[in-house]
Amino acid sequence: MDDPTLAEDMYAHSLNVVVLALMVARSHGYNNDQIRSLMTGAILHDIGTKKSPLRLSVKKSV
């Protein structure tokens with residue numbers, strides 16, 4: 001995560017995923033424990049990309 005812009009993008013993406021997951025969970029009547037588990041998974045869903053080569057996680061412009 002040497003590139004601050006990439007780190008900020010990943011952080012913003014993870015937060016967006018958490019917010020969307022929370023909205024879906026609430027609309028489906030999840031209880032607090034289910035929501036907490038879902039949010040934990042949502043915030044950590046891209047954790048493996050830190051170890052993968054940068055070229056795999058950066059989208060190419062068309």
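The values are calculated or read from the model by the stated rules, or taken from the named source; none is laboratory data. Just so we're clear, the structure is a prediction, and the values are computed from it rather than from any experiment. Here Cβ is always computed from backbone atoms with ideal geometry, including for glycine, and neighbour counts include all displayed protein chains. Surface areas here come from the heavy atoms of the whole protein model, side chains and all, with no ligands, DNA or RNA. Shrake-Rupley method; radii C 1.70, N 1.55, O 1.52, S 1.80 Å.
Tabulated values for the structure
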| read-out | value |
| --- | --- |
| Qualifying positions in the stretch 6-21 - β-branched (V, I, T) and touching a residue at least 40 places away in the same chain (Cβ under 8 Å) | none |
| Hits in the stretch 1-29 - residues which are within 13 Å of the chain's Cα centre (by Cα) and within 20 Å of L56 (Cβ to Cβ) | A7, E8, D9, M10, Y11, A12, H13, S14, V17 |
| Identity of the residue in the stretch 30-48, more than 14 Å from V19 (Cα to Cα) and under 9 Å from the mean Cα position of the chain (by Cα), that ends up least open to solvent (accessible area, probe 1.4 Å) | D46 |
